[in-house]
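Undergrad: A single structure is presented below for examination.
The values are calculated or read from the model by the stated rules, or taken from the named source; none is laboratory data. Just so it is clear, the model here is predicted, and its values are computed rather than measured. Using ideal geometry, Cβ is built from the backbone for each residue, glycine included, and neighbour counts are taken over all protein chains shown.
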Amino acid sequence: MGAELPEYYFRVRENGATVFRVDTQNRQRRIEMDQIATVNIRNGEIKPNGDRVLSEDDLARIKEWMAERTELLSYRDIDDIHRAVDYLNLTTHWAQSRATEDQLEDVTDALLLAMHDLRSVLVRKKADRLMKGQAAE
């Protein structure tokens, strides 16, 4: 069983993780998890737990996890946006073909405001990119 478990366990938190070293090499053959650090993905901070000094192996594995986690979160962000585009299309179809007048009355203002806000941001960002492109030429 010990060979199947990873050496480190990362308990994911909103902005990072709590890092544990996994140990099964004790007399009772129980899984023990020793908290060794807390990491913050946003600022890259790695805080050892208590007075602990992290080994080079600990730091290397933590930094590797942070890079993998950052990549995963970035992928999830763009995937969520692609799903939102799909959902907008489904919402359009619903509004056009199945929505009742009461349902439309219930959601129209909120949808219009959200879409107006999104459109304003997208147009401004697109203009900024175009201006940067022209300045670079």
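Undergrad: Being out of contact with any strand residue (DSSP E or B) (no Cβ under 7 Å at 6 or more places or on another chain) and of a type in the set (A, V, I, L, M, F, W, C) is the filter here, so list the residues in the range 60-83 that pass it.
TA: Restricting attention to the range 60-83, the residues satisfying the condition of being out of contact with any strand residue (DSSP E or B) (no Cβ under 7 Å at 6 or more places or on another chain) are 60, 63-64, 67-83.
If the condition is that a residue be out of contact with any strand residue (DSSP E or B) (no Cβ under 7 Å at 6 or more places or on another chain) and of a type in the set (A, V, I, L, M, F, W, C), then Ala60, Ala67, Leu72, Leu73, Ile78, Ile81 are the ones that fit.
Undergrad: Limited to the range 97-127, what total is found for residues that are more than 26 Å from the chain's Cα centre (by Cα) and more than 18 Å from Ala84 (Cα to Cα)?
TA: So the count comes out to 12.
Undergrad: Is it the case that the range 90-100 has a residue that's surrounded by 10 or more Cβ atoms within 10 Å (Cβ to Cβ), assigned by TED's automatic domain parsing to the domain that holds Arg13, closer than 30 Å to Arg11 by Cα and not small (Gly, Ala, Ser)?
TA: no
Undergrad: Filtering the range 22-31 down to residues that are charged (D, E, K, R) and over 19 Å from Ser55 (Cα atoms), which residue is farthest from the chain's Cα centre (by Cα)? Steps first, please.
TA: The initial filter retains those residues of the range 22-31 that are charged (D, E, K, R), namely 23, 27, 29-30.
Narrowing further to those that are over 19 Å from Ser55 (Cα atoms): 27, 29-30.
On the way: Arg27: 39, Arg29: 35, Arg30: 32 Å.
Checking each candidate, the answer is Arg27.
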